[in-house]
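For reference, the structure is listed below as structure tokens.
All of the numbers you see were taken from the coordinates with simple rules; none came from a lab. This one's a predicted model, so the numbers in the text were calculated from it and none came from an experiment. Neighbour counts run over all protein chains shown; Cβ positions are idealised from the backbone, glycine included.
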Amino acid sequence: MTPSDSSAMASARALATGLARRGLGAVVVSPGSRNAPLTQAFVGLNMQVVVALDERSAAHHALGMSLALQQPVAVCCTSGTAALNHGPALAEAHRVGLPLISLTADRPAGAHNTWQSQTLVQDDIHRDQVSQS
């Protein structure tokens with residue numbers, strides 16, 4: 001593990017722990033290398049973790065879980081265009097007032113606008129579909 005890897009894990013653990021303390025009930029993850037630290041952090045908390053291969057399906061699955069559990073559920077994916085697939089479920093959750101949290105990995109800022117894979121400026125990417133960002 002490199003220093004940046006351990007830094008990513010420390011950040012992921014802090015985020016996952018903070019969300020769990022605030023009532024996060026479960027997380028639906030789509031596998032990816034960039035979001036692997038977050039996935040590991042949630043598993044390490046013994047939180048309910050569901051794996052869904054398709055990001056759009058994952059987001060809708062998380063939406064259904066939020067409705068069934070009546071508590072916040074997160075959906076987590078890798079960086080870039082994968083994050084765009086959370087949009088439809090976020091819009092539905094926003095319209096009906098369900099707590100759905102989209103967690104998206106990101107490439108380093110220096111990689112943005114360089115045509116590298118899985119790179120997209122993600123700041124406020126879902127601003128029209130969420131209450132808070």
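Things to note:
- For the range 9-25, putting each phi into the Karplus relation 6.51 cos²θ - 1.76 cosθ + 1.60 with θ = phi - 60° gives couplings of 5, 4, 5, 5, 4, 4, 5, 4, 5, x, 5, 4, 5, 9, x, 4, x Hz, in residue order, rounded to whole numbers and with x for Gly and Pro.
- Debye, to nearest 20: dipole size of the range 3-111, +1 on Lys, Arg Cβ, -1 on Asp, Glu Cβ: 200
- Overall, the anisotropy analysis places the range 3-111 in the oblate class: the square-rooted eigenvalues a ≥ b ≥ c of its C-alpha gyration tensor yield a/c not less than 1.5, with a/b not exceeding b/c.
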